[in-house]
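A.B. asks: Below is a structure I'd like to ask you about.
The values are calculated or read from the model by the stated rules, or taken from the named source; none is laboratory data. Quick caveat, the model's predicted, so the values are computed rather than measured. Don't worry about glycine lacking a Cβ; one is built from the backbone with ideal geometry, like all the others, and counts go over all protein chains shown.
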Amino acid sequence: MKRYVIYFIILFLVDAAIAELPKPKFKLTTPGKETVIDYSKYGTFKNVETKDYIYVIKDRKGLIKAAGEGIFPDNRSVYKNKIYNKIKQGKNFKGTRWDHVNTSDPVTDYFVWATTSEEPGVQQLFTAYALKEAGHIRHAVKAFYSILVHYPRSACFSADQSFVWYVAIVAMDKLYALCRQYPDLGLKLEGAWIDIKNGKDTDLNNDIISVNPGKLVKVKRSELTRPNLKKMKIISKRGRRKVKLVKYKNGHWQMLVDNKPYIVKGISYSPTKVGESPHDQTMRNWMFIDDNKNGLIDGAEDAWVDKNRNNKKDKNEKIIGDFQLLKEMGCNTIRYYHVPPNNQYSKKEFNKELLLKLYKKYKIRVIMGDFLGAYTIGSGADWAIGTDYKDKDQRQRMKEVVKQMVLDHKDEPYLLMWMLGNENNMSGDYTGVNATRTLASKHPVEYAKFLNEVAEMIHELDKNHPVAVGNRGLDLVEYYDNYAPAIDILGINEYPDKDGFGSLWYRARKLMDRPILITEYGADAYDSNRNIVDEKAQMQWHQGLWQDIQYNIAGGIGDGNALGGMPFEWLDEWWKSLKGRKDTQQQTQDFPMPFPDNWSSEEFLGIAGQGDGNNSPYMRHLRETYYLYKKIWN
């Protein structure tokens with residue numbers, strides 16, 4: 001009970017720390033007459049919640065006065081701003097509009113985007129971004145919300161035209177984030193919902209988009225009270241014994257382990273030795289590696305911290321091991337995907353003695369996962385085609401693998417839950433380094449039904465532990481709701497920017513009412529634009545994302561369906577770059593991501609680095625992110 005109370009005190013302090021609104025970096029000529037626009041006064045919302053939604057403006061002049069500079073339909077007053085005329089003549093104004101996204105000069109970014117020629121919804125989005133970064137938080141809220149009202153179907157293509165993202169979803173996420181980050185705004189977004197069907201391809205003509213712009217409502221900070229779960233009725237339970245999930249009357253979900261609240265403070269742990277790679281089948285199972293023959297598992301038990309970062313082991317740098325470092329960080333869970341013994345990646349599947357030590361000595365539990373055909377592991381499918389969930393033989397092979405996993409671990413004290421799949425829902429057309437090689441996205445009904453079949457089998461074998469699905473974002477979740485009711489937890493890999501997961505919590509609940517565990521999140525530590533390792537920026541990303549998870553845990557003032565999170569990842573892995581070599585850490589821009597430099601450098605995702613690699617897998621360079629978690633998780 002004491003730890004539970006302390007946790008909520010910490011939550012309160014986090015809320016207090018992010019409440020202060022920043023001072024704007026420039027003045028608006030016309031900030032608008034309404035802080036929160038009452039759109040019903042100036043027009044009519046038609047066909048809400050349908051594909052035919054539209055907002056029809058009746059009083060354009062009145063809406064212009066209410067909106068203010070840079071917010072549709074006020075497209076003219078920005079040109080009257082004296083600062084615009086000065087900035088327009090400056091050298092920073094040069095380049096294309098795309099050179100003014102997420103820069104260190106948000107004032108210039110604002111005037112570029114507010115005056116540029118671009119698809120209106122896209123223009124409004126990046127204008128809103130710049131307003132936010134320039135400290136005009138209230139005005140940014142109006143700008144983001146105007147997208148939901150006027151441009152809910154606007155889309156933006158990636159630079160290589162390979163995929164499309166919808167600006168209204170982004171705007172909705174930002175509204176949720178800003179209302180959370182700045183309680184002094186006194187605002188809350190209610191009822192907003194954008195449903196996009198056929199949106200995974202690049203053909204905008206076949207998209208069916210249903211819209212409810214919702215409403216920004218004013219709330220007093222005193223109204224943002226935390227519910228007392230101890231006095232609240234439990235209306236639903238999943239699981240009956242050791243690990244169970246309970247749903248309270250207010251809709252909040254909570255995990256109980258031995259009848260005590262359990263918040264997952266986990267990590268994706270895979271300490272790959274430099275020079276090994278799954279691409280050439282040289283990666284070994286870390287649970288068995290003892291290359292120096294000292295009786296300790298390399299990395300897990302034999303790692304040491306290079307405190308002065310001179311890339312050598314000094315006398316005062318004692319062996320401590322990753323498990324002890326994780327314990328000191330406050331980690332209570334790791335995720336481990338077992339591999340069938342005869343698979344090309346491993347001859348041995350797991351080291352049960354090591355897992356027992358992980359729990360008994362370090363108090364860290366394990367989420368035991370099966371790939372369920374991802375990377376064709378367990379299915380026996382042709383790599384060039386991918387796992388086919390319509391194939392009876394493949395399904396049977398995968399079920400047998402899962403059954404053996406459950407029988408091997410179901411009674412062990414280290415087990416927290418089961419995880420099925422890892423981003424299996426990603427498009428089968430995706431050919432990047434992280435392609436999961438499944439046909440789940442092409443056969444979503446068959447995949448969801450198979451998930452349910454496997455989950456039901458696990459429940460029959462093990463009454464003590466819940467079953468999660470390992471998903472990438474929210475794609476296919478509506479199919480799980482219809483065809484996979486046996487799934488207990490939505491495990492979601494998601495990589496937003498530092499503002500947090502936005503509307504994900506609300507959107508997930510609308511699709512399938514299950515608790516959410518963020519199974520991957522974070523950012524890399526390499527700034528490819530400046531060619532430096534930027535530990536502070538990585539730390540800020542992790543901090544913002546964890547604060548959002550924390551805000552949405554049961555008993556808070558958020559959606560209450562978060563079970564915790566698992567940063568990705570513990571240690572840099574040197575085989576991941578699309579362009580790289582496995583023996584050199586590649587400083588590359590692998591693909592666009594909402595990271596500090598707008599790119600993912602795949603080999604710098606760890607919260608610990610391996611230095612120059614010459615002392616792998618033992619040496620650890622602990623980054624600022626490690627010390628962040630050590631502070632907030634303890």
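A.B. asks: Would you confirm, using the coordinates I've provided, whether residue 558 is small (Gly, Ala, Ser), touching a strand residue (DSSP E or B) at 6+ places or on another chain (Cβ under 7 Å) and under 20 Å from residue 473 (Cα atoms)?
C.D. replies: Spelling it out, it is not the case that residue 558 is small (Gly, Ala, Ser), touching a strand residue (DSSP E or B) at 6+ places or on another chain (Cβ under 7 Å) and under 20 Å from residue 473 (Cα atoms).
A.B. asks: Which condition does residue 202 not pass, out of (1) touching a strand residue (DSSP E or B) at 6+ places or on another chain (Cβ under 8 Å); (2) hydroxyl-bearing (Ser, Thr, Tyr); (3) at pLDDT 95 or above; (4) farther than 21 Å from residue 505 by Cβ, if it passes all the others?
C.D. replies: Checking residue 202 against (1) touching a strand residue (DSSP E or B) at 6+ places or on another chain (Cβ under 8 Å); (2) hydroxyl-bearing (Ser, Thr, Tyr); (3) at pLDDT 95 or above; (4) farther than 21 Å from residue 505 by Cβ, the one that fails is (3).
A.B. asks: Let me ask another. Answer yes or no as to whether residue 315 is over 25 Å from residue 582 (Cα atoms), out of contact with any Gly (no Cβ under 9 Å at 6 or more places or on another chain), of a type outside the set (A, V, I, L, M) and in a helix (DSSP H, G or I). Write out each step before concluding.
C.D. replies: Numbers: over 25 Å from residue 582 (Cα atoms): yes; out of contact with any Gly (no Cβ under 9 Å at 6 or more places or on another chain): yes; of a type outside the set (A, V, I, L, M): yes; in a helix (DSSP H, G or I): no.
Taking the combined requirement at face value, the residue does not satisfy it.
A.B. asks: Follow-up. Of the residues 246, 274, which is among the hydrophobic types (A, V, I, L, M, F, W, C) and touching a strand residue (DSSP E or B) at 6+ places or on another chain (Cβ under 7 Å)?
C.D. replies: Working: 274 fails: touching a strand residue (DSSP E or B) at 6+ places or on another chain (Cβ under 7 Å).
So the residue among 246, 274 that is among the hydrophobic types (A, V, I, L, M, F, W, C) and touching a strand residue (DSSP E or B) at 6+ places or on another chain (Cβ under 7 Å) is 246.
A.B. asks: When you scan region 406-453, how many residues do you find that are of a type in the set (Phe, Trp, Tyr), at pLDDT below 95 and surrounded by 21 or more Cβ atoms within 10 Å (Cβ to Cβ)?
C.D. replies: Just the residues of region 406-453 that are of a type in the set (Phe, Trp, Tyr), to begin with: 414, 418, 430, 447, 450.
With the extra rule that they be at pLDDT below 95, the set shrinks to 430.
Imposing the further condition that a residue be surrounded by 21 or more Cβ atoms within 10 Å (Cβ to Cβ) reduces the set to none.
Summing the residues that are of a type in the set (Phe, Trp, Tyr), at pLDDT below 95 and surrounded by 21 or more Cβ atoms within 10 Å (Cβ to Cβ) in region 406-453 gives 0.
A.B. asks: Here are some conditions: (1) part of a loop (DSSP other than H, G, I, E, B); (2) within 22 Å of the chain's Cα centre (by Cα); (3) not acidic (Asp, Glu). Residue 613 meets all but one. Which one does it not meet?
C.D. replies: The number of the failed condition is (2).
A.B. asks: Kindly indicate whether residue 497 is surrounded by fewer than 20 Cβ atoms within 10 Å (Cβ to Cβ), closer than 30 Å to residue 102 by Cβ and within 19 Å of the chain's Cα centre (by Cα).
C.D. replies: no
A.B. asks: Only residues in region 106-119 that are closer than 15 Å to residue 28 by Cβ and touching a residue at least 40 places away in the same chain (Cβ under 8 Å) count as the first member; pair them with residues that are among the acidic types (Asp, Glu) and surrounded by 15 or more Cβ atoms within 10 Å (Cβ to Cβ), Cβ under 8 angstrom, at least 6 apart or cross-chain, and list the lot.
C.D. replies: Matching pairs, first to second residue: 106/133; 114/69.
A.B. asks: Pairs only if they're at least six apart or on different chains, beta carbon under 8 angstrom, first in region 591-612 and within 10 Å of residue 569 (Cα to Cα) and modelled with pLDDT of 95 or more, second of a type in the set (A, V, I, L, M, F, W, C) and part of a loop (DSSP other than H, G, I, E, B); list them, first residue then second.
C.D. replies: From region 591-612, the pairs are 604/525; 605/523; 605/525; 605/568; 606/525; 606/570; 607/570; 608/570.
A.B. asks: If you don't mind, there's one more thing I want to ask. Quick one: how many residues across region 28-74 are among the polar types (S, T, N, Q), in contact (Cβ under 8 Å) with a residue 12 or more places away in the chain and in a loop (DSSP other than H, G, I, E, B)?
C.D. replies: Within region 28-74, residues that are among the polar types (S, T, N, Q), in contact (Cβ under 8 Å) with a residue 12 or more places away in the chain and in a loop (DSSP other than H, G, I, E, B) number 3.
A.B. asks: Please work out if residue 241 is at pLDDT below 95, within 14 Å of residue 466 (Cα to Cα) and of a type in the set (D, E, K, R).
C.D. replies: yes
A.B. asks: What strands (runs of 3 or more DSSP E) lie completely within region 205-311 and have 2 or more residues being within 30 Å of residue 459 (Cβ to Cβ) and not assigned by TED's automatic domain parsing to the domain that holds residue 148?
C.D. replies: Output list reads 234-238, 243-248, 253-257, 264-268.
A.B. asks: I'm checking my understanding of the structure. Among residues of region 136-187 that are in contact (Cβ under 8 Å) with a residue 60 or more places away in the chain and of a type in the set (D, E, K, R), which one is farthest from residue 46 (Cα to Cα)?
C.D. replies: Ranking the qualifying residues of region 136-187, first place goes to 184.
A.B. asks: Given the conditions (1) within 30 Å of residue 569 (Cβ to Cβ); (2) among the charged types (D, E, K, R); (3) within 26 Å of the chain's Cα centre (by Cα), and given that residue 276 satisfies all but one, which numbered condition is not satisfied?
C.D. replies: Among (1) within 30 Å of residue 569 (Cβ to Cβ); (2) among the charged types (D, E, K, R); (3) within 26 Å of the chain's Cα centre (by Cα), residue 276 violates only (3).
A.B. asks: To continue, here is another question. List the pairs whose first member sits in region 213-231 and is among the hydroxyl-bearing types (Ser, Thr, Tyr), whose second member is surrounded by 12 or more Cβ atoms within 10 Å (Cβ to Cβ), and whose Cβ atoms are under 9 Å apart, counting only residues at least 6 apart or on separate chains?
C.D. replies: 225/557
A.B. asks: Looking at (1) in a strand (DSSP E or B); (2) touching a helix residue (DSSP H, G or I) at 6+ places or on another chain (Cβ under 9 Å), which one does residue 125 not meet, given that it meets all the others?
C.D. replies: Against the list (1) in a strand (DSSP E or B); (2) touching a helix residue (DSSP H, G or I) at 6+ places or on another chain (Cβ under 9 Å), residue 125 comes up short only on (1).
A.B. asks: For residues that are within 20 Å of residue 197 (Cβ to Cβ), of a type outside the set (Lys, Arg) and outside any loop (DSSP other than H, G, I, E, B), tally how many sit in region 469-489.
C.D. replies: To start, the set of residues in region 469-489 that are within 20 Å of residue 197 (Cβ to Cβ) comprises 471-484.
Among the residues that remain, those that are also of a type outside the set (Lys, Arg) are: 471, 473-484.
This time we only want the ones that are outside any loop (DSSP other than H, G, I, E, B), so: 471, 477-483.
Count: 8.
A.B. asks: Could you figure out which of (1) within 28 Å of residue 506 (Cα to Cα); (2) at pLDDT 95 or above isn't true of residue 573?
C.D. replies: In the conditions (1) within 28 Å of residue 506 (Cα to Cα); (2) at pLDDT 95 or above, residue 573 misses (1) alone.
A.B. asks: When you check residue 372 against the structure, is it touching a strand residue (DSSP E or B) at 6+ places or on another chain (Cβ under 7 Å) and either surrounded by 18 or more Cβ atoms within 10 Å (Cβ to Cβ) or hydrophobic (A, V, I, L, M, F, W, C) (or both), yes or no? Break it down into steps so the answer makes sense when it comes.
C.D. replies: Values: touching a strand residue (DSSP E or B) at 6+ places or on another chain (Cβ under 7 Å): yes; either surrounded by 18 or more Cβ atoms within 10 Å (Cβ to Cβ) or hydrophobic (A, V, I, L, M, F, W, C) (or both): yes.
It is true that residue 372 is touching a strand residue (DSSP E or B) at 6+ places or on another chain (Cβ under 7 Å) and either surrounded by 18 or more Cβ atoms within 10 Å (Cβ to Cβ) or hydrophobic (A, V, I, L, M, F, W, C) (or both).
A.B. asks: While we're looking at this one, here's another question. Scan 195, 201 and give me the residue that is outside any strand (DSSP E or B) and of a type in the set (Asp, Glu).
C.D. replies: On inspection, the qualifying residue turns out to be 201.
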